[in-house]
Structure formats: structure tokens, C-alpha cells
Amino acid sequence: AQSVAQPEDQVNVAEGNPLTVKCTYSVSGNPYLFWYVQYPNRGLQFLLKYITGDNLVKGSYGFEAEFNKSQTSFHLKKPSALVSDSALYFCAVRALSSNTGKLIFGQGTTLQVKP
Amino acid sequence: DGGITQSPKYLFRKEGQNVTLSCEQNLNHDAMYWYRQDPGQGLRLIYYSQIVNDFQKGDIAEGYSVSREKKESFPLTVTSAQKNPTAFYLCASRADRGDRQPQHFGDGTRLSIL
């Protein structure tokens, strides 16, 4: 069965420090992986995706993610956190049924950036 | 501006009542999705539609119904059979160019029981 795990419910970092939000996946075949961010009472905003190619993917707002096939991970990173990065972050993987666009989401990680 | 509009933002349901959540998109996307979000559980797929007049059940379709009569509209009805409807409901769409494209989300409807 395909699945996505975000092992940390919450991540706390100080403003200006690097941040990492972890994601591991279990899929059959080649994974399509996505990161989204959600602010309170809002919908999800797309940050970045990995389909194929370079393992380091750059996305919106200075975020990047590293695809590691051997560790089945797709961790989200940012070199210098901002207070405004505080939000709920979701990792997602394409479901096995191709061309339906169905995604399987992790349970989310709350990022708190303190001044 | 292109986007997805969900309405209302807040909705209250009485016992035994059906309620309908609206989702409209002007992105010219073929595929549309409905998710339910509960705290600590991520998003769970209720229904999805890849083309007008066709839709498929997701993982938690019981107690819900949908229609897709127009490309831009994908309303969700929460029926009285859904015994625990309190949740945040999110609608999404995706351009139908294969499943490499991300989904775009509306700002959600929060449904509560009166």
C-alpha cells in the first residue's frame, strides 16, 4: 500500500536558522512527490514537486526539497527561516492509479518559527 | 484572477438536514476533487471527477454525494447519513495534463453541527 509519513507533529526553529520538515514515503514504482503549505483557515498552497531529474528541487518562497531514493525521503528545507513561514506543511505522493491525479497526504507538520 | 472559489466559508447543519457546499473554478481545469480535513489526520479524499458528467468515489464517500454537470462546478452534498460531518472541506482542481501537475485548492468551507 502506498503511504506518506511525516514523523514530526511539530517543528520549532528560531528565525534565521535553517529548517527541515521531514517526509518519508512508500510507493510502488516511481514516486511523484509534492509539498504544500496551509495557513490557518485557508486552502493548501503548492510549494514544489519532484517528478524526475535533479534530486534537489527548488520551489516557492525559498523552499527546497531533496529527493533521496535509497532512504525513500523527500525532506523540505529552507536555509533561513522566517516568522511568516509558521504554518502547517503537508507532503503528498501520487496514488498508484495513474492520470487520476489522486494524492495521498501525510498527516501534516506544524512549523513554528520564533523571533 | 483565476482560482477556485468555495462557498460558504462557514456552514451549520441541523440534524437530519442535507447541506450543499459550492466549488467553482475558472482555471479551465478538467479534474476536480473534494477532501475532508480533520485535525491531525491530513486530507482524505471524498470524491473526484476527471471530466464532466463523470465522478468517482474516494476513500470516504459514504454519506456524501456530488455532481459534475459543468466543467467549472463540482458541488458536494453532505447528507443526513453522514453522522460526523464536522470538518473543514477543501475543493481542488488540476489541469488534465497527466498526473505530474499539482492540485490547486480553494480556501475551504468549515461545517459544524448545530
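Place a point 7 Å from Cα of B:Leu114 in the direction of its Cβ. Which residues in region B:52-83 have their backbone N less than 18 Å from it?
B:78-83
If the convex hull of the alpha-carbon atoms of region B:32-78 is projected onto planes in all directions, what is the mean projected area in square nanometres?
Over all viewing directions, region B:32-78 projects a mean Cα-hull area of 3.2 nm².
At 1.4 Å probe size, with every protein chain present, just tell me what the per residue accessible area of region B:1-57 comes to in Å².
54 Å²
Hey, what's the Cα Rg ratio for chain B versus the globular rule of thumb, 2.2 N^0.38 Å?
Ratio of Cα Rg to 2.2 N^0.38 Å: 1.00.
Kindly report, to the nearest 10 Å², the accessible surface of B:Asp107 as traced by a 1.4 Å probe over protein heavy atoms only.
B:Asp107 exposes around 60 Å² with every protein chain in place.
Beyond 25 Å, what percent of the Cα pairs of chain A remain?
Values: 1097 of 6555 pairs.
So the portion of pairs separated by more than 25 Å is 17 percent.
Pick from A:Lys78, A:Lys102, A:Lys58: which residue has the top mean-square fluctuation in a GNM of chain A where Cα pairs under 10 Å get a spring?
A:Lys102
Probe radius 1.4 Å, ligands and nucleic acids left out: can you give me the accessible area buried at the A-B interface, summed over both chains, in Å² to the nearest hundred?
Numbers: alone 6370 and 6540 Å², together 10890 Å².
So the total buried area for this chain pair works out to about 2000 Å².
To the nearest 10 square angstrom, what accessible area does B:Arg94 show with a 1.4 Å probe?
Using a 1.4 Å probe on the heavy atoms, I get roughly 0 Å².
Local charge sum around A:Lys77 (other residues, Cβ-Cβ under 9 Å, Lys/Arg +1, Asp/Glu -1)?
The answer is -1.
Beyond 18 Å, how much of the Cα-Cα pair distribution for region B:51-92 remains, as a whole percent?
27 percent
So how far apart, in nm, are the two label points at B:Lys70 and A:Thr52 if each is 7 Å from Cα heading toward Cβ?
3.8 nm
Where the centroid of each part is defined by its Cα atoms, how far is region B:68-109 from region B:1-37 in Å?
6 Å
How much of B:Phe88 can a 1.4 Å solvent probe reach, expressed as accessible area in Å² and rounded to 10?
Surface accessible to solvent at B:Phe88 totals approximately 10 Å².
Relative to 2.2 N^0.38 Å, what does the C-alpha radius of gyration of region A:52-98 come to as a ratio? Two decimals please.
Taking the Cα Rg and dividing by 2.2 N^0.38 Å, one obtains 1.32.
With an 8 Å Cα cut-off and a minimum separation of 6 or more residues, compute the relative contact order for chain A in percent.
Dividing the mean separation by the residue count of chain A yields 37 percent.
I'd like the projected area of the protein assembly as shown, averaged over all directions, using the convex hull of its alpha carbons. Report it in nm² with one decimal.
12.8 nm²
Net charge near B:Ile4, counting Lys/Arg +1 and Asp/Glu -1 over other residues with Cβ under 10 Å of its Cβ?
Every neighbour counted, the sum reads -3.
Kindly sort A:His75, B:His104 by accessible area of their heavy atoms, largest first, with the probe set to 1.4 Å.
Numbers: A:His75 40, B:His104 80 Å².
Order by accessible area, largest first: B:His104, A:His75.
Can you work out the FRET efficiency for the pair B:Asp54 and B:Thr79, with r the C-beta to C-beta distance and R0 = 22 Å, to the nearest 0.05? Intermediate results must be reported in sequence, preceding the final value.
On the way: r = 21 Å, r/R0 = 0.94.
Computed FRET efficiency for B:Asp54 and B:Thr79 comes out at 0.60.
Determine the relative contact order of chain B: mean sequence separation of Cα pairs under 8 Å and six or more apart, normalised by residue count, in whole percent.
35 percent
The values are calculated or read from the model by the stated rules, or taken from the named source; none is laboratory data. Small disclaimer: the values here were computed from a predicted structure and weren't measured. FYI the Cβ positions are ideal-geometry reconstructions off the backbone, even for glycines, and counts take in every protein chain you see. Heavy atoms of the whole protein, side chains included, go into the accessibility calculation; ligands, DNA and RNA do not. Shrake-Rupley method; radii C 1.70, N 1.55, O 1.52, S 1.80 Å.
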